[in-house]
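Taken together, the values in this text are just the output of simple stated rules run on the coordinates, not laboratory data. Computed from a predicted structure; not experimentally measured.
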């Protein structure tokens, strides 16, 4: 890099597991500029958050049946995938489905 070059870094700077069902991900986008001495100085930092659940659960009002579609985590970064694969056990997934159906919505 030369002095004045801009570097953009995107990273998951916070991953939280909430009540075993929800995984909250905070992604930071950071812009750095190299100064004359070669050190990187942070110019800007922005955050984006999203929450993942094991399923998208939908109730059909016509017959009160439920459809639980597994959340596709393949586009998530490896750190998030690893946490989801550890946390979302079969027992947790079944508990999530039961919880959603008990909510009745």
Checklist outcome for this item: With Cα coordinates, the longest principal axis of the chain makes an angle with the long axis of helix 90-103, in degrees rounded to 10, of 70
Next on the checklist: Could you compute how fast region 6-103 diffuses translationally, taking Rh as the Kirkwood radius over C-alpha pairs and applying Stokes-Einstein at 4 °C with viscosity 1.567 mPa s? Give it in µm² per second.
Outcome noted: 81
Item to check | 222 nm mean residue ellipticity, helices alone, for the chain (DSSP H n ≥ 4; -39,500 (n - 2.57); rounded to 500) | outcome: -7000 deg cm²/dmol
Checklist entry - Just how far, in whole angstrom, is region 1-42 from region 45-105 if you go by their alpha carbon centroids? => result 27
